[in-house]
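The values are calculated or read from the model by the stated rules, or taken from the named source; none is laboratory data. These numbers were taken from a predicted model, which means no experiment stands behind them. Cβ: placed from backbone, ideal geometry, glycine included. Neighbour counts: every protein chain shown. SASA here: full protein model, heavy atoms, side chains in, ligands and nucleic acids out. Shrake-Rupley method; radii C 1.70, N 1.55, O 1.52, S 1.80 Å.
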Amino acid sequence: MRVSTILDHIDDGGAALLETALQMASVKPANTVRFAWWGAEESGLLGSEHYVAGLTPAEAARIALYLNFDMVASPNYIFGVYDGDNSSGTAPVSIPAGSDKIEDVFERYYAGRGEPYQDSTFSGGSDYGPFIAVGIPAGGLFTGAEGLKTAQEVATYGGTAGIAYDPCYHQACDTIDNVSHHALDVNSDAVATAVLTFAIDTTLVNGVAGKPGNRLGQLRPYNPTTVDPMADRYSS
């Protein structure tokens, strides 16, 4: 077994992550891909903290990167990408080297699909926090939570200014109907793109190439000149 990619979800990210895991049955990856659903994130990242605390130094060193999908279809969404190069200058935490390359994969995906995107602050406040704390590169997507959408963001993405990206965040109305189907469609493909990219080869992040002769089955890394690997899987 080679280096691992570990993935996480919370809320609507679970649908995209689970479908990606199911579709991975047709893939023979060069690298180990581990899907993880952490418990007690809202209580202080307890599940992910426990996992990372239980890693030996050798086990931690084998993890090439961590992908975090904490809210990917907020109803009043933006397309946020964790700011791995801290180009916005807002990160209150140290960002491991290689995280910028993960950001690049997502940004190329959005650009190839003709979708806008913006930096999302690497705050350390989601389940990637324990991983970056031990030097594991990380990246991911975020469509917004209780923050208020700005007029400038409405001009870019549509939606409503002055209300939360997710008006039902942590409320009883946060049901299966509380999603943007467009955001879920776009971001499900973004999840698949990143997972497949790093399942094959993590050279971008850590200089470790995948094994030759891996079998992709019916899926392949995103290329804007080809069909999206999971296009229309969640179309509205």
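Looking at Thr175, Thr160, Thr197, can you tell me which residue is at pLDDT 90 or above, part of a loop (DSSP other than H, G, I, E, B) and among the polar types (S, T, N, Q)?
Checking each option against the conditions leaves just Thr160.
Of the residues making up the stretch 145-155, those that are surrounded by 14 or more Cβ atoms within 10 Å (Cβ to Cβ) and either modelled with pLDDT under 95 or over 20 Å from Asp70 (Cβ atoms) (or both) are Ala145, Val154. Among helices (runs of 4 or more DSSP H) entirely within the stretch 56-149, having at least 3 residues that are within 21 Å of Thr197 (Cα to Cα) and among the hydroxyl-bearing types (Ser, Thr, Tyr) singles out 99-113. Considered as a group, the residues in the stretch 112-124 that are open to solvent by 10 Å² or more (accessible area, probe 1.4 Å) and touching a residue at least 40 places away in the same chain (Cβ under 8 Å) include one that is farthest from Val72 (Cα to Cα), and that residue is Gly112. For the stretch 63-81, a residue qualifies if it is open to solvent by 10 Å² or more (accessible area, probe 1.4 Å) and closer than 17 Å to Ala133 by Cβ, and the qualifying residues are Ile63, Asp70. Checking each residue in the stretch 178-194 for being modelled with pLDDT under 95 and surrounded by fewer than 17 Cβ atoms within 10 Å (Cβ to Cβ) picks out only His181. Take Tyr234 and tell me if it is within 19 Å of the chain's Cα centre (by Cα), modelled with pLDDT under 90, farther than 22 Å from Gly98 by Cβ and surrounded by 15 or more Cβ atoms within 10 Å (Cβ to Cβ). Considered against the rule, which asks whether it is within 19 Å of the chain's Cα centre (by Cα), modelled with pLDDT under 90, farther than 22 Å from Gly98 by Cβ and surrounded by 15 or more Cβ atoms within 10 Å (Cβ to Cβ), Tyr234 comes out as yes.
Residue pairs whose Cβ atoms lie under 8 Å apart, sitting 6 or more positions apart in sequence or on different chains, and linking a residue in the stretch 19-39 that is farther than 10 Å from Ile200 by Cα to a partner that is among the basic types (Lys, Arg), are Glu19/Arg233. When you check Asn86 against the structure, is it modelled with pLDDT of 85 or more and surrounded by 21 or more Cβ atoms within 10 Å (Cβ to Cβ), yes or no? No. Of all residues in the stretch 122-133, those satisfying the criterion of being more than 13 Å from Ser99 (Cβ to Cβ) and either modelled with pLDDT of 95 or more or not small (Gly, Ala, Ser) (or both) are Asp127, Pro130. When Gly135 is tested against the conditions (1) crowded, with 21+ Cβ neighbours inside 10 Å; (2) more than 17 Å from the chain's Cα centre (by Cα); (3) on the phi > 0 side of the Ramachandran plot, the lone failure is (1).
Entry remark, the stretch 202-227: residues being at pLDDT below 90, touching a strand residue (DSSP E or B) at 6+ places or on another chain (Cβ under 9 Å) and under 20 Å from Leu65 (Cβ atoms) number 6 in total.
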